[in-house]
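S.K.: What follows is a single structure, and I will ask about it in a moment.
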Amino acid sequence: MIKVLLAEDQGMMRGALALLLGLEEDIEVVAQVGHGDEVVDTALRTRPDVALLDIEMPGRGGLDSAADLREHLPGCAVLILTTFGRPGYLRRAMEAGARGFLVKDGPVEDLADAVRRVLRGERVIDPALAAAALSTGPSPLTDRERDVLAAAADGSTISDISARLHLSESTVRNYLSSAIGKTGTRNRIEAARLARHNGWL
């Protein structure tokens, strides 16, 4: 049996995925969590072969959880399943050690097949997303530019961002200016929107 840990914050979706996977003769869902902070502890306790992770969860997201699993349980294959088919997410997922990346609107049959394939060591990536990732290219933002841009995305003032990230206001302005320049946008709101669309935030 292939033991699967399922991490998805939406209860109905989590239940539906568990039910669908449970219909497969060779797959058993050994654990379900709805919060990213529960992934590693639950995985260490249940020892799944494959972790099926949503990207956006409360606490630690799926990308952070994938990196945590690579460190604490390297034998567990990670498959990202998300609503957000953004090229930057795919690139970051692969960097975090994920073996697969599928979007939730794909065919149901593909999911069980992907679980089997990542366990065999194969890479399973949504073809349209792979093409988009290649055409979009890697994120031009540094980690700090990304942090500052993410903090600015909700309309926070320079002063608020400065206090939240423990940076001087001039440093915040410099990072925002650099991020705007690199994204080819006119202001920080546009820069944040583009970066979020591409999965860089």
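The values are calculated or read from the model by the stated rules, or taken from the named source; none is laboratory data. Predicted model, so just to flag it, every value in this text is computed and none were measured. Methodologically, a virtual Cβ is constructed for each residue, glycine included, from the backbone with ideal geometry; neighbour enumeration extends over all protein chains shown. Accessible surface areas use protein heavy atoms only, side chains included; no ligands, DNA or RNA. Shrake-Rupley method; radii C 1.70, N 1.55, O 1.52, S 1.80 Å.
S.K.: Search the structure for amide H atoms under 5 Å from the amide H of Ile125, placed 1.01 Å from N in the peptide plane, and list their residues when 5 or more places away or on another chain.
M.R.: Phe101
S.K.: Sequence gap at least 6, Cα distance under 8 Å: using those rules, report the relative contact order of the chain to the nearest whole percent. Please report the intermediate quantities before stating the final value.
M.R.: Values: 330 pairs, mean separation 30.6, N = 201.
Reported relative contact order: 15 percent.
S.K.: Another question, if that's okay. What dipole magnitude, in Debye to the nearest 20, does the chain give about its Cα centre under +1 on Lys/Arg Cβ and -1 on Asp/Glu Cβ?
M.R.: Values: 24 positive and 29 negative charges, 159 e Å.
With only Lys, Arg, Asp and Glu charged at Cβ, the dipole is about 760 debye.
S.K.: Over the chain, average the accessible area per residue using a 1.4 Å probe and give it in Å², no decimals. Present the calculation step by step, with values, prior to reporting the outcome.
M.R.: Numbers: 9840 Å² over 201 residues.
That works out to 49 Å² for each residue.
S.K.: Under 1.5 on a/c is rounded, so check that first for the stretch 1-87, then, if it is not, pick prolate when a/b is larger than b/c and oblate when it is not; a ≥ b ≥ c are the square roots of the alpha carbon gyration tensor eigenvalues.
M.R.: Numbers: a/c = 1.55, a/b = 1.10, b/c = 1.41.
Oblate is the answer for the stretch 1-87, as a/c is 1.5 or above yet b/c matches or exceeds a/b.
S.K.: Please work out whether the stretch 41-110 counts as rounded, prolate or oblate from its C-alpha gyration tensor, where a ≥ b ≥ c are the square roots of the eigenvalues and a/c under 1.5 means rounded, while otherwise a/b larger than b/c means prolate and anything else oblate? Provide the component values of the computation, followed by the final result.
M.R.: Details: a/c = 1.73, a/b = 1.42, b/c = 1.22.
Note, shape of the stretch 41-110 comes out prolate.
S.K.: Provide the gained length on full extension for the span His166 to Glu56, in nm with one decimal, where the gain is 0.36 nm per separating residue minus the Cα-Cα distance.
M.R.: Values: separation 110, 0.36 × 110 = 39.60 nm, distance 2.54 nm.
Value of the extension gain: 37.1 nm.
S.K.: Check Ala51: other-chain or 5+ apart residues with amide H under 5 Å from its amide H, H built from backbone geometry?
M.R.: Leu5, Ala77, Val78, Leu79
S.K.: What whole-number volume per residue, in cubic angstrom, does the convex hull of the C-alpha atoms of the chain give? Before the final figure, lay out each step's value.
M.R.: Details: hull volume 23.6 nm³, N = 201.
Here the figure is 117 Å³ per residue.
S.K.: Something else about it: Relative contact order for the stretch 41-120: what is it in percent, counting Cα pairs under 8 Å that are at least 6 residues apart? Mind dumping the intermediate values first?
M.R.: Working: 105 pairs, mean separation 24.5, N = 80.
This gives 31 percent for the stretch 41-120.
S.K.: Which whole-number percent of Cα pairs in the stretch 93-201 have a distance greater than 24 Å?
M.R.: Looking at the stretch 93-201, the distances longer than 24 Å represent 41 percent of pairs.
S.K.: Compute the acute angle (0 to 90°) between the alpha-carbon long axis of helix 188-197 and the principal axis of greatest extent of the alpha-carbon atoms of the chain; round to the nearest 10°.
M.R.: Between the helix axis and the principal axis of the chain, the angle is about 20 degrees.
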